[in-house]
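Let me begin by presenting the structure, written as structure tokens, before commenting on it.
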Ligand SMILES: [Zn+2]
């Protein structure tokens, strides 16, 4: 599962596009605006993974609702 998400730069608030899978590996991104290094600490990786899983469940529910209404 992969999401393209945006992380706000803690220094200049630029939205930095990032890949959720890469983030979970602990890779670091550089801000294109101020070159600050942004990465996910090993400590917060499970939190992000949990949030992504919940988001995916929500997405499945929404698409299930959509297909239910389209059957009419
Ligand atoms: Zn920045």
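Laboratory data are not the source of any read-out in this text; all were calculated from the coordinates shown. Predicted model, so just to flag it, every value in this text is computed and none were measured. No Cβ is skipped: glycine too gets one built from the backbone with ideal geometry, and neighbour counts run over all protein chains shown.
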Which order do 69, 14, 25 fall in if you start with the one that has the fewest other Cβ atoms within 10 Å?
69, 25, 14
When the distances between all Cα atoms of the chain are binned every 10 Å from zero, what whole-number percent does each bin get?
19, 39, 23, 13, 5, 0
Once you put a point 7 Å from the Cα of residue 57 and another 7 Å from the Cα of residue 21, both along the Cβ direction, what distance in nm separates them?
2.3 nm
Show that you can apply the helix-only estimate: for the chain, add -39,500 (n - 2.57) for every DSSP H stretch of four or more residues, divide by all residues, and state [θ] at 222 nm to the nearest 500.
-14000 deg cm²/dmol
Quick one: angle between helix 45-70 and the longest Cα principal axis of the chain, in degrees between 0 and 90, rounded to 10, please.
30 degrees
